[in-house]
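K.L.:
Just passing along the structure, written as structure tokens.
The values are calculated or read from the model by the stated rules, or taken from the named source; none is laboratory data. For clarity, every value in this text was computed on a predicted model and none was experimentally measured. A quick note on method: Cβ atoms are made from the backbone with ideal geometry, for glycine too, and the neighbour counts reach across all protein chains shown. Heads up: the accessible areas ignore ligands, DNA and RNA and are worked out on the full protein's heavy atoms, side chains in. Shrake-Rupley method; radii C 1.70, N 1.55, O 1.52, S 1.80 Å.
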Amino acid sequence: MDDRAGWTIFQAGYTAGQKKDVRRFIYKAGRFRITIWAKSATEARKAAIMEADARAALKGWKPPAGGWVLEKLT
């Protein structure tokens, strides 16, 4: 195994070990891929919507009129 792959595997394990009481949720909202660490799916969806709003505001976009449609990737 090369050094780069070893480091990547170490980082992934270390991050997951540091966040034992939360799970990772990955959503797709429009053009955004949003990763959220949360205790529950409900909490994660709320955080993902807030993150999508924040990212859209940074780009100068308005959020969709009907709200964000979140597609769960994992």
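K.L.:
Select from the range 28-44 the residues that are in contact (Cβ under 8 Å) with a residue 12 or more places away in the chain and open to solvent by less than 100 Å² (accessible area, probe 1.4 Å) and list them in ascending order. Working first, answer last.
P.N.:
So the first thing to find is which residues in the range 28-44 are in contact (Cβ under 8 Å) with a residue 12 or more places away in the chain, and the list is 28-30, 32-34, 36-39, 41, 44.
Result: Lys28, Ala29, Gly30, Phe32, Ile34, Ile36, Trp37, Ala38, Ala41, Ala44.
K.L.:
Could you check how many residues of the range 57-73 are more than 16 Å from Lys46 (Cβ to Cβ), part of a loop (DSSP other than H, G, I, E, B) and not basic (Lys, Arg)?
P.N.:
Here the count works out to 6.
K.L.:
Please state which one of Ile49, Ile36 is part of a strand (DSSP E or B) and of a type in the set (A, V, I, L, M, F, W, C).
P.N.:
Ile36
K.L.:
Do we have Trp68 as hydrophobic (A, V, I, L, M, F, W, C) and either touching a residue at least 40 places away in the same chain (Cβ under 8 Å) or open to solvent by 90 Å² or more (accessible area, probe 1.4 Å) (or both) here?
P.N.:
No; evaluated as a whole, the condition is false for this residue.
K.L.:
Using the structure shown, decide if Ala52 is modelled with pLDDT of 95 or more and either surrounded by 10 or more Cβ atoms within 10 Å (Cβ to Cβ) or under 12 Å from the mean Cα position of the chain (by Cα) (or both).
P.N.:
yes
K.L.:
Any idea which residue in the range 1-27 is modelled with the lowest pLDDT, counting only those that are open to solvent by 90 Å² or more (accessible area, probe 1.4 Å) and under 26 Å from Glu71 (Cα atoms)?
P.N.:
Lys20
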